[in-house]
Amino acid sequence: MTHKYIYLVFTRTGTWLSRLICLFSKLTYPHVSLSFDDSFTRMYSFGRTNPDNPFSGGFVEENLYGGVFRKFPNCRCLIYRVKINEEQFELLQEQVKAFLQEKDRYKYNLLGLLALRVNRPLKRKDRFFCSQFVSQLLINAGIFDTDKIPEMIRTDELFTIENKELIYEGIVNRDYIASLFKGIPIV
């Protein structure tokens, strides 16, 4: 059976929302994105749709070296590489493609994030926060096994995913992160 890799990229940017989440939840990395390759120039999540506007949120294609990550140069990240099978990889890609096709329809689930803080699930149509989105995709593809619903999953709970390998933790540094993948076979 052939295998593929995906990457879970956990970040702490310094935005007001990131700082608030860290303050009230004690999370080290309040944001999570999904990447299909090790360039980290096309990652998927829910967050700011405009790096300069903290009130514009929704489904985003992120670039670890641009956008909000460039705006906050001391951004920290934690990157896991997760080994999955080809069927799971295709299921993830199909789900992301569906979000991309109607990306303007989706909004950030700020109320759901607040509800998570008080341990109350709040599912809202076409609205997600980052860990809700990533966990839903991973659960649907049979990659993340949990008894919790996506609306109740914090970023740090994704650390329990199986088949993961820590690739990097530290300040976002494109050259250094790229050097980590020299010699690592990417299937």
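Go through segment 1-57 residue by residue and tally those that are within 17 Å of PHE144 (Cβ to Cβ) and part of a loop (DSSP other than H, G, I, E, B). Total meeting the criteria: 2. The residues of segment 101-136 that are surrounded by fewer than 22 Cβ atoms within 10 Å (Cβ to Cβ) and within 14 Å of the chain's Cα centre (by Cα) amount to a single one, GLN136. Within segment 13-29, residues that are touching a residue at least 12 places away in the same chain (Cβ under 8 Å) reach partners that are charged (D, E, K, R) and loosely packed, with under 15 Cβ neighbours inside 10 Å with beta carbons closer than 7 Å, at six or more positions or on different chains, in the pairs PHE24/ARG117; SER25/ARG117.
Within segment 146-173, if we keep just the residues that are charged (D, E, K, R) and surrounded by 13 or more Cβ atoms within 10 Å (Cβ to Cβ), the residue that is farthest from PHE133 (Cα to Cα) turns out to be GLU169.
Let's see how each residue does on (1) of a type in the set (A, V, I, L, M); (2) closer than 18 Å to SER18 by Cβ; (3) touching an Asp or Glu at 6+ places or on another chain (Cβ under 8 Å):
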site	(1), (2), (3)
LEU91	yes, no, no
LEU100	yes, no, yes
LEU110	yes, yes, no
LEU113	yes, yes, no
PHE129	no, yes, no
PRO150	no, no, no
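Identify the residue in segment 72-101 that is assigned to a helix (DSSP H, G or I) and of a type in the set (Phe, Trp, Tyr) and, among all such residues, is farthest from ASP37 (Cα to Cα). For segment 72-101, the residue satisfying everything is PHE99. Being surrounded by fewer than 16 Cβ atoms within 10 Å (Cβ to Cβ), in contact (Cβ under 8 Å) with a residue 60 or more places away in the chain and not small (Gly, Ala, Ser) is true for just one of GLU90, GLU86. Which residue is that? Unique residue meeting the criteria: GLU86.
Looking at segment 145-167, can you tell me whether even one residue there is aromatic (Phe, Trp, Tyr) and touching a helix residue (DSSP H, G or I) at 6+ places or on another chain (Cβ under 7 Å)? The answer is no, given that none of the residues of segment 145-167 is aromatic (Phe, Trp, Tyr) and touching a helix residue (DSSP H, G or I) at 6+ places or on another chain (Cβ under 7 Å). Hey, any hits in segment 29-39 for a residue that's at pLDDT below 95, over 20 Å from LEU78 (Cβ atoms) and either more than 11 Å from the chain's Cα centre (by Cα) or of a type in the set (A, V, I, L, M) (or both)? There is no residue in segment 29-39 that is at pLDDT below 95, over 20 Å from LEU78 (Cβ atoms) and either more than 11 Å from the chain's Cα centre (by Cα) or of a type in the set (A, V, I, L, M) (or both). Counting only helices (runs of 4 or more DSSP H) that sit completely within segment 103-187, those holding 2 or more residues that are at pLDDT 95 or above correspond to 130-140. In this entry, PHE69 passes the filter for residues that are crowded, with 19+ Cβ neighbours inside 10 Å and assigned to a helix (DSSP H, G or I).
The values are calculated or read from the model by the stated rules, or taken from the named source; none is laboratory data. Predicted model, so just to flag it, every value in this text is computed and none were measured. Note that each Cβ is placed from the backbone with ideal geometry, even for glycine, and that neighbours are counted across all protein chains shown.
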